[in-house]
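Asks: Mind looking over this structure? Questions follow.
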Amino acid sequence: MELYEFTAHELMDKLASGEVTSEEVTKSYFDRIKEKDGIVKAYVSTLEESALEKARKVDEDRKAGKPVSKYAGIPIGIKDNMCITGTRTTCSSKMLENFVAPYNATVIENLNKEDMVYLGKLNLDEFAMGSSTENSAFFPTKNPWDLDRVPGGSSGGSAAAVAADLAPWTLGSDTGGSIRQPASLCGVVGFKPTYGLVSRYGLVAFASSLDQIGPLTKDVTDSALLLNLLVGHDEKDSTSMDFEKKDYTKALVNDVKGMKIGLPKEYLREGVNEEVREAVLAVAKKYEELGATIEECSFDVGKYATSVYYVIADAEASSNLGRFDGIRYGYRSEKFENLKDIYRNSRSEGFGPEVKRRIMVGTYVLSSGYYDAYYKKAQKVRTVINKAYNELFEKYDLLLTPVSPTTAFKFGEKSENPIEMYLADICTVPVNIGGLPGISVPCSLDSKGLPISFQLIGKAFDEETILKAAYTYEQNTNFRENKPTFKGGNN
Amino acid sequence: MAREDYEIVMGLEVHCELSTKTKIFCSCPTEFGGEPNTHCCPICMAMPGTLPVLNEKVVEYAVKAGLATNCQIARKSKNDRKNYFYPDLPKAYQISQFDLPLCYEGYVDVETPEGEKRIGITRIHIEEDAGKLNHDEYGRGSFVDLNRAGVPLIEVVSEPDLRTKEEVEAYLRKLKSIFEYIEVSDCKMQEGSLRADVNVSVRKKGATEFGTRTEMKNMNSFRSIVRAIEYEANRQIDVIENGGVITQETLRWDDVSGKTFSMRDKEDAQDYRYFPDPDLVEIRLSEEYIENIKKSLPELPESRKKRYLEDMGLTEKAANFVTGSKYYSNMFEEASSVCGNAKSVSNWIMSDIARILNEREEEPDELKFSGKELGELVTLIDKGTISSAIAKKVLEEMFKNPEMPSKIIEAKGWIQISDEGAIKEVVAKVLEANPQSIADYKAGKDKALGFLVGQAMKETKGKANPQMLNKLFLEELNK
Amino acid sequence: MAISKEEVIHIAKLASLNLTEEEIERYSNDMTEILEFANEINSVNTDNVGETIAANEKYNVFRKDEIKQNVDKEALLQNAPSKDDGMFRIPKVIN
């Protein structure tokens, strides 16, 4: 078995025992990247030199018997919308193609404390707006299970990298499903924590009230391990919760006896692919066998979540993306005589079509005369949706739903029609509206050999119950025996 | 119709920089000046991914300002984004407050020729200042300096209660002095830490409807505000008198040409798309919090004035003048305690100190000497060490180099001659030189005495004790 | 309700975007479709329902008024498309 095939926690054991060095591990990933990323295209940029340098330093410290973190020397890939001092942070946009971050995101500071090794920056839909990574201004990332299909998005690079063993684990960001949906389409574990649990400082903002950073990993254990580093109060983020540190690995217990799991019927009806529905029902059955009680329930207002999402997310985005004006950083058009030209030409040439479309919609719903009808109304409906969630969580510990209504779709299949693309998020978006934690766990392959995943949604700040249930499922099943085939893409 | 048939209606939006150590949403210094873009960080430069965190002092100072201007204090408040593109606004939105300002429904009372008038304050809210655009004469372009971006401001919005330029100035001076007293701002207009947008409209006297208003932005001296109001009111009246209509617009006052100009590059219809900033959380103020700030407020002008009238025997006029500025008032209290002659101290402040400041085009906050020096000056006069003529010269010196008066007098050798023998000699000398004047005096021309005293003063370079001179001349002449 | 080309042009101005004829055409269609989709929220009864402004219940998050400066001025200016004398350079603006 190659080093790049192991999970992060397996690599930690090997490093601790001295069986392998961080340099060996890091090298094996860059060899793998050279072998496979030419076809997968998960990375926007790689950081081989600094990575190996860091790996060697950690190895020296270990040899010298200095106290080192168990995470030290473990490689990781970072979605390219998080700032690392001195490295390019592009958001897969022409606007930031040459932007070098002058500071570290708080999550990067956290990983630095543990001396982790950065393999590189991962591809995404431009400014995290999309569900297929086709909106990257540079190139689309391919799905390792079928290179003719999308990896999902917006964290498509982060998901494909883990699936193709181009990184043991990666960081993604999730605004309406951007961690969970690509994780699902690529057959890896994706965790979106409760809003406010992980600092957003240094994450290039898409929709401030919905964005949240989280891990994409090969298994649930790695999710818990990476959460331990990501979660924590940050005084640089006013919305960051001030809790005492938790050890999420304590939740990794193989037991769901007595757990109450709700199964919202709305997500198992029309609009959801037959095979996906069957798979999720099989998961429900599995949980029953394992001692949980499954009960069908209703989450009727959930159907409005996507509409609410596109009003709130686009409104916030239209304001958050105003700072890209070609003055202090970012793309500046060659064509200008006056200030207005710089603004309008730089933004028109620097942003891609989907980003511009969202800025337009967001500007519209905030503009005078429409604010109450759209933005204000959406915020009220958001309250209604939160209330519905609270009522469900008085009865259930978890909700079980699909992650994506379909498995990975073909390039170009939905990119022509925005609404159809937006519907790829119907199962994940409500979770962001509620600010709740949710996990995407792979459970089976469809008839085309594409991964299907299920989603577990938990109470706010109760990531433990999600981890416990997901871990239990994983321990009693064997999805990880399946491996991506890299078929198609006439390679 | 004539100008007198029109009434001018004005409202002010006063922007006041708070004197916190750090900016409103990041830990950069607010200190004025400095190399361009050195009081900056990724946050106030709006680097991608950065987030704001509210400075607790900004809320405290704004509440202080609200309480000192009789405002209601909001128990729940929030920050909103005001979206527009301009190079001095790095985020392309200004974090301000829209529908829930920290303070609302206040007022201040100002002195007007017709007596005291109450000016309503609609609201006081907190917001961030913008950066600075520098323009170079070689036309190479403009240059953005973000040192000031993110400096905390309060915006004080008045009701349209102001009718004359005198009222506007009195209102502004009142706000300035209150904010100086409670120490929430240094209110240095010359550094732009106190600026006003003036809304002006005119209407026929007796009309109940307001006329269309124009707004003059960023005025930062009393002088130009008064000139601008005069110009703009007359302009509007002329337009109406010539059958024209006023268009609602934002104007720029040009001090050099003494005219207002329409601000062209903001001609596009503005739509600020206010919405609650999702990066910041709600502000909730408890009764206890507000009570504590109330308790912490220093003595305000009104109560000082009361003391000056009742305990220190000042006239209404003097008390008003001295309490008009925290700097005058503090100097007055210190000087009076030094010399024990409050009346004289207030006179010096009202007459000579105010006059000299005016000549130097300076504000009281620019005074280089303190009440200690002024107190000694008055003492020296009262002890007869110097004449008030000399004292005026000493004061002029104190403006140039703020030394103790006694030092100055010594250095310049200005001590008053009160030695009878010495003065007798001078008197004898002068009489001898002016026999004609003696004759005139004896012939009943009293003003001859004044002439002789003047001569003696000349002889002694003004140092002779005037009372003593008079006495001795009379003795000699009436022999 | 359809979004007219005029509205698209007005919104583009507010958003500081230049749109080609073809884009104006496309966005007026897309926006009409997206806003119709968004309009579904109007079928939800929200009488006496408050707005959810923040995604969690936090309030009164303040910073101490203490200067912290570890600025690398170079790093802050390194991405500027055009700069001069430590300032960001733009075409002359009259203000």
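The values are calculated or read from the model by the stated rules, or taken from the named source; none is laboratory data. Note that this is a predicted model, so its numbers are computed, not measured. Here the Cβ positions follow ideal geometry from the backbone for every residue, glycine too, while neighbour counts run over all protein chains shown. These accessible areas exclude ligands, DNA and RNA; they are computed on the full protein's heavy atoms, side chains included. Shrake-Rupley method; radii C 1.70, N 1.55, O 1.52, S 1.80 Å.
Asks: Checking A:Ile466 against (1) in a strand (DSSP E or B); (2) under 17 Å from A:Leu263 (Cβ atoms): exactly one of these is not met. Which one?
Replies: Single failed check for A:Ile466: (1).
Asks: For C:Lys73, which of the numbered conditions (1) farther than 28 Å from B:Pro278 by Cβ; (2) under 25 Å from the mean Cα position of the chain (by Cα); (3) of a type outside the set (Gly, Ala, Ser) fails to hold?
Replies: (2)
Asks: What are the pairs, 6+ residues apart or on separate chains, where a residue within the stretch A:315-334 that is in contact (Cβ under 8 Å) with a residue 60 or more places away in the chain and at the interface with another protein chain (Cβ under 7 Å from one of its Cβ atoms) has its Cβ under 8 Å from a residue that is aliphatic (A, V, I, L, M) and part of a loop (DSSP other than H, G, I, E, B)?
Replies: A:Glu316/A:Ala205; A:Glu316/A:Ala207; A:Glu316/A:Leu210; A:Tyr329/B:Met47; A:Tyr329/C:Ala80
Asks: If A:Glu49 satisfies all but one of (1) within 14 Å of another protein chain (Cβ to nearest Cβ); (2) surrounded by fewer than 18 Cβ atoms within 10 Å (Cβ to Cβ), what's the number of the condition it fails?
Replies: (1)
Asks: With respect to A:Lys265, is the statement that it is open to solvent by 10 Å² or more (accessible area, probe 1.4 Å) and closer than 20 Å to A:Thr407 by Cα true?
Replies: Details: open to solvent by 10 Å² or more (accessible area, probe 1.4 Å): yes; closer than 20 Å to A:Thr407 by Cα: yes.
So A:Lys265 passes the test.
Residue-by-condition table, conditions (1) crowded, with 23+ Cβ neighbours inside 10 Å; (2) aromatic (Phe, Trp, Tyr):
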residue	(1), (2)
A:Arg62	no, no
A:Gly73	yes, no
A:Asp80	yes, no
A:Ala105	yes, no
A:Lys113	no, no
A:Leu124	yes, no
A:Phe139	no, yes
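Asks: Out of all the residues in the stretch A:89-138, which are within 14 Å of another protein chain (Cβ to nearest Cβ), over 22 Å from A:Gln181 (Cβ atoms) and among the polar types (S, T, N, Q)?
Replies: Once the filter is applied, which keeps residues that are within 14 Å of another protein chain (Cβ to nearest Cβ), over 22 Å from A:Gln181 (Cβ atoms) and among the polar types (S, T, N, Q), the stretch A:89-138 yields A:Thr89, A:Asn98, A:Asn104, A:Thr106.
Asks: Residue check: is A:Thr485 touching a residue at least 24 places away in the same chain (Cβ under 8 Å), among the polar types (S, T, N, Q), crowded, with 16+ Cβ neighbours inside 10 Å and more than 14 Å from chain C (Cβ to nearest Cβ)? So that I can check it myself, show each step before the final result.
Replies: Values: touching a residue at least 24 places away in the same chain (Cβ under 8 Å): yes; among the polar types (S, T, N, Q): yes; crowded, with 16+ Cβ neighbours inside 10 Å: no; more than 14 Å from chain C (Cβ to nearest Cβ): yes.
No.
Asks: Could you give me the residue pairs with C-beta distances under 6 Å whose first residue belongs to the stretch A:335-350 and is more than 7 Å from chain C (Cβ to nearest Cβ), whose second residue is open to solvent by 40 Å² or more (accessible area, probe 1.4 Å) wherever it lies, and which are 6+ apart or on separate chains?
Replies: Final answer for the pair search is A:Ser346/A:Tyr331; A:Gly350/A:Lys94; A:Gly350/A:Tyr331.
Asks: Can you tell me which condition B:Ser406 does not meet? The list is (1) in a helix (DSSP H, G or I); (2) open to solvent by 30 Å² or more (accessible area, probe 1.4 Å); (3) outside the structural domain of B:Asp352 (by TED's automatic domain parsing), and all the others hold.
Replies: Among (1) in a helix (DSSP H, G or I); (2) open to solvent by 30 Å² or more (accessible area, probe 1.4 Å); (3) outside the structural domain of B:Asp352 (by TED's automatic domain parsing), B:Ser406 violates only (3).
Asks: Could I ask something else about it? Pick from A:Ser367, A:Ser298, A:Ser333, A:Ser348: which is surrounded by fewer than 23 Cβ atoms within 10 Å (Cβ to Cβ) and touching a Gly at 6+ places or on another chain (Cβ under 7 Å)? Please lay out each step first, then the result.
Replies: On the way: A:Ser367 fails: touching a Gly at 6+ places or on another chain (Cβ under 7 Å); A:Ser298 fails: touching a Gly at 6+ places or on another chain (Cβ under 7 Å); A:Ser348 fails: touching a Gly at 6+ places or on another chain (Cβ under 7 Å).
Residue meeting the stated conditions: A:Ser333.
Asks: So which residues in the stretch B:105-148 are of a type outside the set (Gly, Ala, Ser), in a strand (DSSP E or B) and more than 27 Å from the chain's Cα centre (by Cα)?
Replies: If the condition is that a residue be of a type outside the set (Gly, Ala, Ser), in a strand (DSSP E or B) and more than 27 Å from the chain's Cα centre (by Cα), then B:His135, B:Phe143, B:Val144, B:Asp145 are the ones that fit.
Asks: All but one of (1) assigned to a helix (DSSP H, G or I); (2) among the acidic types (Asp, Glu); (3) at positive phi hold for A:Glu109; which doesn't?
Replies: (3)
Asks: Pick out the one residue from C:Lys83, C:Lys92, C:Lys73 that is basic (Lys, Arg) and touching a helix residue (DSSP H, G or I) at 6+ places or on another chain (Cβ under 6 Å). Show your work before the answer.
Replies: Working: C:Lys92 fails: touching a helix residue (DSSP H, G or I) at 6+ places or on another chain (Cβ under 6 Å); C:Lys73 fails: touching a helix residue (DSSP H, G or I) at 6+ places or on another chain (Cβ under 6 Å).
Answer to the check: C:Lys83.
Listed here are the residues, each with its yes/no results for (1) within 23 Å of C:Glu33 (Cα to Cα); (2) within 20 Å of the chain's Cα centre (by Cα).
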site: A:Ile385; (1), (2): no, no
site: A:Leu400; (1), (2): no, yes
site: A:Glu413; (1), (2): yes, no
site: A:Ser440; (1), (2): no, yes
site: A:Asp446; (1), (2): no, no
site: A:Lys459; (1), (2): no, yes
site: A:Glu463; (1), (2): no, yes
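Asks: Given (1) assigned to a loop (DSSP other than H, G, I, E, B); (2) of a type in the set (A, V, I, L, M, F, W, C); (3) open to solvent by less than 20 Å² (accessible area, probe 1.4 Å), where does A:Ala279 come up short, assuming only one miss?
Replies: If we test A:Ala279 against (1) assigned to a loop (DSSP other than H, G, I, E, B); (2) of a type in the set (A, V, I, L, M, F, W, C); (3) open to solvent by less than 20 Å² (accessible area, probe 1.4 Å), just (1) comes out false.
Asks: Continuing with the same structure: What pairs come up if the first residue lies in the stretch A:362-376 and is facing chain B (nearest Cβ under 10 Å), the second is in a loop (DSSP other than H, G, I, E, B) and buried (at least 23 other Cβ atoms within 10 Å of the Cβ), and their beta carbons are under 8 Å apart, counting only those six or more places apart or on different chains?
Replies: The qualifying pairs are A:Thr363/B:Arg273; A:Thr363/C:Ala15; A:Leu366/B:Arg273; A:Ser367/B:Arg273; A:Ser368/B:Arg273; A:Tyr371/B:Arg273.
Asks: Any chance the stretch C:60-78 includes a residue that's away from chain B (no Cβ under 14 Å), open to solvent by less than 70 Å² (accessible area, probe 1.4 Å), without any contact (Cβ under 8 Å) to a residue 24 or more places away in the chain and touching a Ser or Thr at 6+ places or on another chain (Cβ under 8 Å)? Before the answer, list the steps.
Replies: Kept after step one, since they are away from chain B (no Cβ under 14 Å), are these residues of the stretch C:60-78: none.
No, the stretch C:60-78 has no match at all.
Asks: Here's something else I'd like to know. Conditions first: (1) within 7 Å of chain A (Cβ to nearest Cβ); (2) closer than 30 Å to B:Leu285 by Cβ; (3) out of contact with any helix residue (DSSP H, G or I) (no Cβ under 7 Å at 6 or more places or on another chain); (4) open to solvent by 50 Å² or more (accessible area, probe 1.4 Å). C:Glu51 passes all but one, so which condition is the exception?
Replies: Here C:Glu51 clears every test but (3).
Asks: Within the bounds of the stretch A:304-318, is there any residue that is open to solvent by 20 Å² or more (accessible area, probe 1.4 Å), aromatic (Phe, Trp, Tyr) and assigned to a helix (DSSP H, G or I)?
Replies: Step one: of the stretch A:304-318, the residues open to solvent by 20 Å² or more (accessible area, probe 1.4 Å) are A:304.
Next, only the ones that are aromatic (Phe, Trp, Tyr) stay: A:304.
Going one step further and asking which of them are assigned to a helix (DSSP H, G or I), we end up with A:304.
Yes - at least one qualifying residue is present in the stretch A:304-318.
Asks: Please go through the stretch A:424-440 and pick out each residue that is assigned to a helix (DSSP H, G or I) and within 14 Å of A:Leu392 (Cβ to Cβ). Working first, answer last.
Replies: So the first thing to find is which residues in the stretch A:424-440 are assigned to a helix (DSSP H, G or I), and the list is A:424-425, A:429-433.
Listed by number, the residues that qualify are A:Pro430, A:Val431, A:Ile433.
Asks: Let me ask something additional. For the stretch A:351-364, what are the residues that are open to solvent by 10 Å² or more (accessible area, probe 1.4 Å) and either over 19 Å from C:Glu23 (Cβ atoms) or of a type in the set (Ser, Thr, Tyr) (or both)?
Replies: Matches in the stretch A:351-364: none.
Asks: Residues to consider are A:Asp219, A:Asp234; find the one that is within 11 Å of chain B (Cβ to nearest Cβ), open to solvent by 10 Å² or more (accessible area, probe 1.4 Å), under 21 Å from the mean Cα position of the chain (by Cα) and in contact (Cβ under 8 Å) with a residue 24 or more places away in the chain.
Replies: Working: A:Asp219 fails: within 11 Å of chain B (Cβ to nearest Cβ).
Testing whether each residue is within 11 Å of chain B (Cβ to nearest Cβ), open to solvent by 10 Å² or more (accessible area, probe 1.4 Å), under 21 Å from the mean Cα position of the chain (by Cα) and in contact (Cβ under 8 Å) with a residue 24 or more places away in the chain leaves just A:Asp234.
Asks: Oh, and also: Within the stretch B:106-141, which residues are within 14 Å of chain C (Cβ to nearest Cβ) and touching a helix residue (DSSP H, G or I) at 6+ places or on another chain (Cβ under 8 Å)? First the steps, then the outcome.
Replies: Step one: list which residues in the stretch B:106-141 are within 14 Å of chain C (Cβ to nearest Cβ), which gives B:126, B:128, B:130-141.
Of everything in the stretch B:106-141, just one residue is within 14 Å of chain C (Cβ to nearest Cβ) and touching a helix residue (DSSP H, G or I) at 6+ places or on another chain (Cβ under 8 Å), namely B:Ile126.
Asks: Taking the stretch B:1-24 as the region of interest, how many residues are crowded, with 24+ Cβ neighbours inside 10 Å, assigned to a loop (DSSP other than H, G, I, E, B) and within 8 Å of another protein chain (Cβ to nearest Cβ)?
Replies: Total satisfying the criteria: 0.
Asks: Go through (1) at pLDDT 95 or above; (2) open to solvent by 30 Å² or more (accessible area, probe 1.4 Å) and name the single condition B:Ala62 misses.
Replies: Going through (1) at pLDDT 95 or above; (2) open to solvent by 30 Å² or more (accessible area, probe 1.4 Å) one by one, B:Ala62 breaks only (2).
Asks: Among all residue pairs at least 6 apart or on different chains, which show Cβ distances below 7 Å where the first residue, located in the stretch B:2-16, is modelled with pLDDT of 95 or more and the second is among the aliphatic types (A, V, I, L, M) and open to solvent by 20 Å² or more (accessible area, probe 1.4 Å)?
Replies: Once the first residue is modelled with pLDDT of 95 or more and sits in the stretch B:2-16, its partners that are among the aliphatic types (A, V, I, L, M) and open to solvent by 20 Å² or more (accessible area, probe 1.4 Å) give B:Glu13/B:Val157.
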